[in-house]
Amino acid sequence: MFKQSTLMVGLTAAGLFSLAANAEHSHTTTQAITHAPIGVMGDHLHKKDEFMMSYRFMTMHMSGNLQGSHNISNDDIVTSIANPNAPPATVRVVPQDMSSSMHMLGFMYAPSDDVTLMAMLNYIDRDMSLTTYQGMMGTTVLGDFESASSGLADSKLAVLYRLFDSPNHKVHANLGWVIPTGSIEETGEVLTPMNMPMTLRLPYGMQTGTGSHQGEFGLTYNGYAGNYSWGVQGLLSTSLGENDEAYEPGNKTQLTGWTAYAFSDAVSASVRVKYSSSQEISGVDAKIVAPVTTANPNNYGADVLDLGLGINTVIANKHRIALEYSQPINYKVNGVQMDMDNMLTLGYQIAF
Ligand SMILES: [Cu+2]
């Protein structure tokens with residue numbers, strides 16, 4: 001009898017203790033610094049049964065053109081850069097400016113402490129201004145025109161798997177699958193060198209999707225100490241096959257490292273370096289035929305070193321709002337491509 005009541009008291013105490021521990025757990029302060037800069041995807045895991053929804057708005061600007069890592073003028077492009085769809089022998093249409101914006105909706109769910117599932121839906125909107133040169137050769141400008149496309153882009157499903165976890169160091173694996181939900185058949189009206197407006201299939205880079213399933217593999221490390229956090233993420237993505245138009249995107253390798261400082265639980269600032277290397281498109285879409293640099297599959301892929309500055313905030317211990325601005329400090333393109341000016345990512349995340 002005595003033993004039984006002792007057991008009861010013991011169990012009740014244990015129960016109360018665990019309730020108290022849970023209460024304390026659920027009142028843990030949400031710290032801005034525990035998430036990577038907003039431009040990093042799949043940086044964190046969640047606790048069992050936790051959901052997170054996120055919305056990111058990314059905007060990117062490009063202007064002028066590079067050949068390798070050097071600027072190349074419009075006149076040099078139209079007199080020296082071969083047109084893969086000859087004749088004309090050289091390219092006659094030159095991209096001038098491009099802005100693209102992407103709306104990204106993300107969902108995360110953790111079926112266990114070791115596994116977090118991720119899904120991302122993306123909507124893209126691109127605008128490009130181009131200059132057409134007159135006739136088969138020479139440097140006489142015929143006129144300018146605009147090209148635009150928008151719609152659902154490719155989507156992504158990913159699994160984040162915990163490999164190592166201590167209070168100061170965490171490592172997880174990233175395994176992703178890009179699903180080609182975007183379009184590769186978008187068309188637009190083009191001003192041709194013969195001064196005829198024609199509706200043609202838009203070049204590869206103006207399509208809203210890649211048309212190919214892609215696999216993504218990577219590792220992410222996060223470290224924490226005092227008011228500092230840091231991390232490294234390496235990702236490799238590779239096409240799993242040609243799309244319906246007989247081409248596929250090149251492999252892409254990304255390596256990024258960041259460090260952040262917490263001014264308070266609610267505000268942290270970050271510096272990030274990102275290196276990415278992507279290969280040209282392989283294969284050819286026979287319907288992409290305009291005499292423009294972007295219609296050449298070899299004019300895709302680049303080696304880019306980006307520098308990013310970011311701010312993470314937490315409002316009311318619940319709403320994460322973050323911003324990251326980045327611009328290339330070293331940009332080397334395959335063939336001839338537009339030059340990247342900058343990129344801005346604004347994000348909102350909520351977990352429950
Ligand atoms: Cu999350």
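Every read-out reported here was derived from the displayed coordinates using simple, explicitly stated rules and does not represent laboratory data. Bear in mind the structure is a predicted one, so any value in this text is a computation, not a measurement. Every residue, glycine among them, receives a Cβ derived from its backbone with ideal geometry; neighbour counts consider all protein chains shown.
Taking H as built 1.01 Å from N, whose amide H comes closer than 5 Å to the amide H of GLY250, not counting residues under 5 places away?
GLN279, ILE281, SER282
Report the rotationally averaged projected area of the chain based on its alpha-carbon convex hull, in square nanometres.
20.0 nm²
For SER150, what is the net charge nearby, where nearby means another residue's Cβ is under 11 Å from its Cβ and Lys, Arg count +1, Asp, Glu -1?
Overall, the nearby charge balance is -2.
Apply the Karplus parameterisation 6.51 cos²θ - 1.76 cosθ + 1.60, with θ equal to phi minus 60°, to every residue of region 313-330 and state each ³J(HN,Hα) to the nearest whole Hz, in sequence, with x for glycine and proline.
9, 10, 10, 6, 6, 8, 8, 9, 10, 9, 9, 9, 10, 9, 9, x, 9, 8
7 Å from Cα along Cα→Cβ at both ALA316 and VAL159: what's the point-to-point distance in nm?
Taking the two extended label points, one gets 3.7 nm.
For TYR109, what is the net charge nearby, where nearby means another residue's Cβ is under 9 Å from its Cβ and Lys, Arg count +1, Asp, Glu -1?
Net charge in that neighbourhood comes out at -2.
With labels modelled as points extended 7 Å from the Cα through the Cβ direction, what inter-label distance (nm, one decimal) is found for SER282 paired with ALA225?
With each label point 7 Å from Cα toward Cβ, the separation is 4.3 nm.
Using only helices, what value at 222 nm comes out for the chain when you add -39,500 (n - 2.57) per DSSP H run of length 4 or more and divide by the total residues, to the nearest 500 deg cm²/dmol?
The per-residue figure over the chain is -3000 deg cm²/dmol.
Keeping to pairs on different chains or 8 or more places apart, tell me how many lysine pairs in the chain have Cα atoms under 22 Å apart.
12
Residues with amide H under 5 Å of ILE81's amide H, sequence separation 5 or more or different chain, H placed in the peptide plane at 1.01 Å from N; which?
VAL91
Computed FRET efficiency, Cβ-Cβ of THR140 and SER99, R0 22 Å: what is it to the nearest 0.05?
0.20
Which ³J(HN,Hα) values in Hz, rounded to whole numbers, follow from the phi angles of region 232-241 under the Karplus curve 6.51 cos²θ - 1.76 cosθ + 1.60, where θ = phi - 60° and Gly and Pro get x?
9, 9, x, 9, 10, 10, 9, 5, 9, x
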